[in-house]
Amino acid sequence: MTDHLVLFMPSGKRGRFPTDTPVLDAARQLGVHVESVCGGRGICGRCQVDVQEGVFAKHGITSSNAHISPFGGNEVRYAEKRDLKEGRRLSCSAKILGDLVIDIPQDAVVNAQVVRKDSDGRVIERNPAIQLCYVELEEPDMHKPLGDLDRLLLEIEADWGYKSLQVDTYLLGQVQKILRTGDWKVTAVIHEPFQGEPATLVALYPGLKNEAYGIACDIGSTTIAMHLSSLLSGRTLASSGTSNPQIRFGEDLMSRVSYVMMNPDGREAMTKAVREALNGLIDKVCQQGEIERTDILDAVFVGNPIMHHLFLGIDPTELGGAPFALAVSGAVNIKSSEIDLPLNPGARIYMIPCIAGHVGADAAAATLTEGPHRQDEMMLLVDVGTNAEIVLGNATRTVAASSPTGPAFEGAEISCGQRAAPGAIERIRIDPVTFEPRYRVIGIEPWSDEPGFEEQAQKVGVNGVCGSGIIEIIAEMYLAGIITEDGVINGDLAAQSPRIINTGRTFSYLLKDGEPRLMVSQTDVRAIQLAKAALYAGVKLLMDKQGIDHVDRIGLAGAFGSFIDPKYALVLGLVPDCDLAHVKAVGNAAGTGARMALLNRDHRREIELTVKRIEKIETALESKFQEHFVNAMAFPNKADPFPRLAEVVTLPPRSMDTDKADGIEPGAARRRGGRRNRS
Ligand code: FES
């Protein structure tokens, strides 16, 4: 019998198969995940594929619809009852007759659903930990005394190959009723963490159940973001977010740990608060997606170590000081019913592993998304918060650390700082001749020097400067020559411009007069210098470990990273010199990583193995931290050149006076390195 070459896209897996092999069998043999709920009975429609027509010279394949069996019995019946898109085939029915390129569509929607565009448009190949298995049983027989559940398990083994299935206890009392309601036709929900590992029957539905859902959630210390996805099609049905109610116990993470230490019920109160918020979000996404909570069978959560512990009900006190011991660093697999998160009674929860006591599951999830460990180029991934999480690596070696940047980047410690909200200045340009600023405010479309601004400013207000605005204003002040590379506001300019104001021993820059009056003081500049120096010193230590003097790519993650203009991040010397085209905001990379782990269990295995290989560096213990920190106090840096940045931005000439990092308190670096702030 002739063998035919079949290539599956998008995985690129290929193999040779004899004539008349069902396409679904070929996919299975190659390990290509094609959904199938009905086990090839032609009733679920989950196994849809597209045949690509044409000559694929690169693969040596001429693919044609003539190379697959004609549209036949099961497909005709299915197409009559349901909507089978033009050209789509049921892979359980269609057989291989010649060479083929088969596309596994990522949008095989079989039920009418409210479908929301994926949060980041990323196509995630599916291989979920939850599998729906439709089976048909014979009715009980007095001469065969096997129990109903035992007969069900035998049928599942015969049709689906699951041996020695565990069964969730709650099902024991329900199985007989469900079998009879379904007239001996049922859909079993199997949870198999990884292929070949012990699997469990976690839910059972009468008849054909043709949809299952999961949630992916990033628990940030400030905001919580959740996505609801179909586990069978991979589509995101709904996304929602809310602020973390734990904020009322403390703005930053250290203050939340302190709250736990000082209040006997502190841990319980914060665990309860975050779970309540999550329950509210689950209701919201279910409402948007028009599904029931009990339709949710799997969930993935990520968060920094303290969020991770509080969500699981673990006291985070140990994370408040060296050696920052995690109660559990590996992946956590539990039932949702164990942590007061009512979903389907059999729903499972998976938590991505933490990298270290101060580099959490959120950084691990961001690593999974951006994949420094999958590429040859050296990639730096930074999540800028009050405690920056830093991952640097490539396929050969990956290292990680955190750096105590403090809350300055979020607007705290800065006299005119505020959270990103309507009325906050987010973009700023300063004329290098007149020193006059123009700015853009959240909630107001025109720039401050454009028509219509004043009118809208009356309504929205201009109240302060948010994190990205603070980065820009300090960088623009440096580029305009208002501050020196050592961060000193040049008082000599007061004679030239009323914007430079003498405020006693130092000078300030007047950004906006009137009510409120917004100024950038010398103390503000110092706070940013300390924060950015801490971040850069952490990055530099990781570069030392890797033995490199530059990075190929930089990903700025997290809410703050998403809004920073990469150019200004470089001008400030927040991150090392890099080709500007290769410095990118990577959005909520942690949330995307959670979605990847939800929809594909191979990604769970991937990140578990990767986290084990990541070398963790404790910045506070490294002797060179102080030296890197002092150099990084300057703009962009006292010791390190920024030639790639200089190609696109005219940087002020560098001072030759290397001793003039004035204003740095001798112990500042040590204190930064030894103190752990968290966000
Ligand atoms: S596997 Fe159900 S229709 Fe093909």
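The values are calculated or read from the model by the stated rules, or taken from the named source; none is laboratory data. Here the structure is a predicted model, which is why all the values come from computation and not from measurement. Note: ideal-geometry Cβ built from the backbone for every residue, glycine included; neighbour counts use all protein chains shown.
In table form, for the structure just shown:
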| read-out | value |
| --- | --- |
| Set 306, 355, 339: member being in contact (Cβ under 8 Å) with a residue 60 or more places away in the chain, surrounded by fewer than 18 Cβ atoms within 10 Å (Cβ to Cβ) and either of a type in the set (Phe, Trp, Tyr) or out of contact with any His (no Cβ under 8 Å at 6 or more places or on another chain) (or both) | 339 |
| Filter result for the condition that a residue is surrounded by fewer than 16 Cβ atoms within 10 Å (Cβ to Cβ) and either modelled with pLDDT under 95 or of a type in the set (D, E, K, R) (or both), over 472, 485, 454, 476 | 454 |
| Complete set of residues in region 508-539 that are surrounded by 24 or more Cβ atoms within 10 Å (Cβ to Cβ), among the hydrophobic types (A, V, I, L, M, F, W, C) and more than 36 Å from the chain's Cα centre (by Cα) | none |
| Residue check, residue 77 within 16 Å of the ligand (Cβ to nearest atom), farther than 23 Å from residue 126 by Cα and not in a strand (DSSP E or B) | yes |
| Checklist (1) within 30 Å of residue 190 (Cα to Cα); (2) within 16 Å of the ligand (Cβ to nearest atom); (3) more than 35 Å from the chain's Cα centre (by Cα) applied to residue 68, failing item | (1) |
| Members of region 1-60 found to be charged (D, E, K, R), touching a residue at least 12 places away in the same chain (Cβ under 8 Å) and surrounded by 13 or more Cβ atoms within 10 Å (Cβ to Cβ), listed by number | 3, 13, 14, 16, 35, 41, 46, 50, 53 |
| Residues that are under 20 Å from residue 364 (Cβ atoms), out of contact with any strand residue (DSSP E or B) (no Cβ under 7 Å at 6 or more places or on another chain) and touching a residue at least 40 places away in the same chain (Cβ under 8 Å), drawn from region 567-609 | 587, 592, 596, 603, 605, 606, 607, 608 |
| Helices (runs of 4 or more DSSP H) (entirely within region 217-329) containing at least 3 residues that are closer than 14 Å to residue 341 by Cβ and in contact with a Leu (Cβ under 9 Å, 6 or more places away or on another chain) | 266-289 |
| Candidates 280, 313, filtered to the one that is of a type outside the set (D, E, K, R), modelled with pLDDT of 95 or more and at positive phi | 313 |
| Among (1) under 29 Å from the mean Cα position of the chain (by Cα); (2) at pLDDT 90 or above; (3) within 16 Å of the ligand (Cβ to nearest atom) - the single one residue 13 does not satisfy | (3) |
| Strands (runs of 3 or more DSSP E) fully within region 378-467 counting 1 or more residues that are within 30 Å of residue 615 (Cα to Cα) | 379-383, 388-393, 398-403 |
| Residue list for region 155-209, filter: of a type in the set (Phe, Trp, Tyr), in a loop (DSSP other than H, G, I, E, B) and either touching a Gly at 6+ places or on another chain (Cβ under 8 Å) or crowded, with 19+ Cβ neighbours inside 10 Å (or both) | 162 |
| Output for region 35-62, where each listed residue is within 14 Å of the ligand (Cβ to nearest atom) and among the hydrophobic types (A, V, I, L, M, F, W, C) | 37, 38, 43, 44, 47, 49 |
| Boolean, residue 553 is surrounded by fewer than 23 Cβ atoms within 10 Å (Cβ to Cβ) and closer than 22 Å to residue 477 by Cβ | no |
